[in-house]
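Scroll down for the structure; my scribbles are underneath it.
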Amino acid sequence: MKLVLASQGFTTDEIANKVAELVGKELKDINIGIINESYVAKSEHSSKRWLIKELSDIEKHIGGVIDFVNLRAYDENEIERRLSAADVIYIVGGKQLVLGELFKNTGTDKVLKKLAESKVIMGTSAGSIVLGKLIESRYYWKERYGINIDEIKNNELELVDFNIIPHYMREDHLKWDEEFYKKVAEENSFPLYAITDTQAIIYNEGKIEFVGGEPVIY
């Protein structure tokens with residue numbers, strides 16, 4: 001299984017080249033299937049400029065077919081057929097809990113677990129988080145989202161036994177600092193890798209690698 005857990009996608013050539021290495025093709029020959037569903041849960045007051053930038057970075061680096069696989073438009077068989085045509089399955093971020101629930105309701109969770117054996121799966125932000133384990137800390141969910149963890153349905157795919165903290169110490173995330181995540185870690189039983197928008201975690205057949213420098217590990 002080959003996964004790329006990123007914060008903001010192809011923000012550097014280093015990340016793009018690592019994806020090409022995992023696929024075993026040059027970037028110009030790579031086909032990519034994009035799942036871009038959870039941004040719709042963001043409010044109308046939340047600018048989507050980040051999404052335009054992220055998609056433009058894909059177009060900049062990927063030379064093959066770029067397809068959008070709309071989970072709300074296709075049935076499970078069509079979702080699998082379209083994703084199977086891609087070398088890289090790319091899951092855009094947005095709302096983590098919305099994405100996991102959508103995967104379960106459309107059967108995409110089963111499709112992704114099946115295709116994870118033969119495809120490179122790359123997630124960004126919430127699209128990466130949903131590939132890992134649900135953070136167990138009550139403090140985390142209460143302080144960041146005002147949610148009681150007992151009310152959350154765990155729809156994470158749990159393809160790996162860790163998770164990431166995206167956009168670490170970015171200007172709009174500064175209040176979730178080292179002290180915050182130290183408290184989160186006290187209630188969590190698995191590692192959390194805090195990565196910036198130019199970093200990524202690579203899971204390659206059981207081995208973990210860092211791209212863009214070593215993350216902060218909680």
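The values are calculated or read from the model by the stated rules, or taken from the named source; none is laboratory data. None of these values were measured; they are calculated from a predicted model. Neighbour counts run over all protein chains shown; Cβ positions are idealised from the backbone, glycine included.
Can you name every residue in the stretch 181-203 that is more than 17 Å from residue 129 (Cα to Cα) and either in contact (Cβ under 8 Å) with a residue 40 or more places away in the chain or touching a helix residue (DSSP H, G or I) at 6+ places or on another chain (Cβ under 7 Å) (or both)?
183, 186, 187 - these are the residues of the stretch 181-203 that are more than 17 Å from residue 129 (Cα to Cα) and either in contact (Cβ under 8 Å) with a residue 40 or more places away in the chain or touching a helix residue (DSSP H, G or I) at 6+ places or on another chain (Cβ under 7 Å) (or both).
Evaluate the stretch 94-104: report whether one residue or more is over 20 Å from residue 158 (Cβ atoms), surrounded by 20 or more Cβ atoms within 10 Å (Cβ to Cβ) and not charged (D, E, K, R).
Taking the stretch 94-104 first, the residues over 20 Å from residue 158 (Cβ atoms) are none.
Checked the stretch 94-104: no residue is over 20 Å from residue 158 (Cβ atoms), surrounded by 20 or more Cβ atoms within 10 Å (Cβ to Cβ) and not charged (D, E, K, R).
Take the conditions surrounded by 13 or more Cβ atoms within 10 Å (Cβ to Cβ), of a type in the set (Ser, Thr, Tyr) and touching a residue at least 60 places away in the same chain (Cβ under 8 Å) and apply them to residue 168. Does it pass?
Taking the combined requirement at face value, the residue satisfies it.
Any chance the stretch 139-158 includes a residue that's touching a residue at least 60 places away in the same chain (Cβ under 8 Å), crowded, with 16+ Cβ neighbours inside 10 Å, outside any strand (DSSP E or B) and touching a strand residue (DSSP E or B) at 6+ places or on another chain (Cβ under 9 Å)?
no
What is the one condition in (1) in contact (Cβ under 8 Å) with a residue 40 or more places away in the chain; (2) more than 16 Å from the chain's Cα centre (by Cα) that residue 96 does not satisfy?
Tallying (1) in contact (Cβ under 8 Å) with a residue 40 or more places away in the chain; (2) more than 16 Å from the chain's Cα centre (by Cα), residue 96 fails exactly one: (2).
Do you know which residues across the stretch 108-138 are buried (at least 22 other Cβ atoms within 10 Å of the Cβ), of a type in the set (Ser, Thr, Tyr), in contact with an Asp or Glu (Cβ under 8 Å, 6 or more places away or on another chain) and not in a helix (DSSP H, G or I)?
124
Do we find a residue being modelled with pLDDT of 95 or more and either farther than 25 Å from residue 201 by Cα or out of contact with any strand residue (DSSP E or B) (no Cβ under 7 Å at 6 or more places or on another chain) (or both) anywhere in the stretch 89-100?
no
Please determine, by comparing only the residues of the stretch 204-218 that are touching a helix residue (DSSP H, G or I) at 6+ places or on another chain (Cβ under 9 Å) and in a loop (DSSP other than H, G, I, E, B), which one is nearest to residue 51 (Cα to Cα).
Once the filter is applied, the top-ranked residue is 212.
Which condition number does residue 91 fail, the rest of (1) out of contact with any Ser or Thr (no Cβ under 8 Å at 6 or more places or on another chain); (2) touching a residue at least 12 places away in the same chain (Cβ under 8 Å); (3) within 30 Å of residue 65 (Cβ to Cβ) being met?
(1)
Using the structure shown, decide if residue 80 is without any contact (Cβ under 8 Å) to a residue 40 or more places away in the chain, among the acidic types (Asp, Glu) and not in a strand (DSSP E or B).
Working: without any contact (Cβ under 8 Å) to a residue 40 or more places away in the chain: yes; among the acidic types (Asp, Glu): yes; not in a strand (DSSP E or B): yes.
Against the criterion (without any contact (Cβ under 8 Å) to a residue 40 or more places away in the chain, among the acidic types (Asp, Glu) and not in a strand (DSSP E or B)), residue 80 qualifies.
Got a sec? Which strands (runs of 3 or more DSSP E) wholly within the stretch 1-73 have at least 3 residues that are buried (at least 16 other Cβ atoms within 10 Å of the Cβ) and not charged (D, E, K, R)?
Working: elements: 2-6, 32-35, 66-68.
Because the criterion is at least 3 residues that are buried (at least 16 other Cβ atoms within 10 Å of the Cβ) and not charged (D, E, K, R), the strands (runs of 3 or more DSSP E) in the stretch 1-73 that meet it are 2-6, 32-35.
Collect the residues in the stretch 47-70 that are under 16 Å from the mean Cα position of the chain (by Cα) and more than 21 Å from residue 11 (Cβ to Cβ), keeping them in residue-number order.
Selection gives 69 alone.
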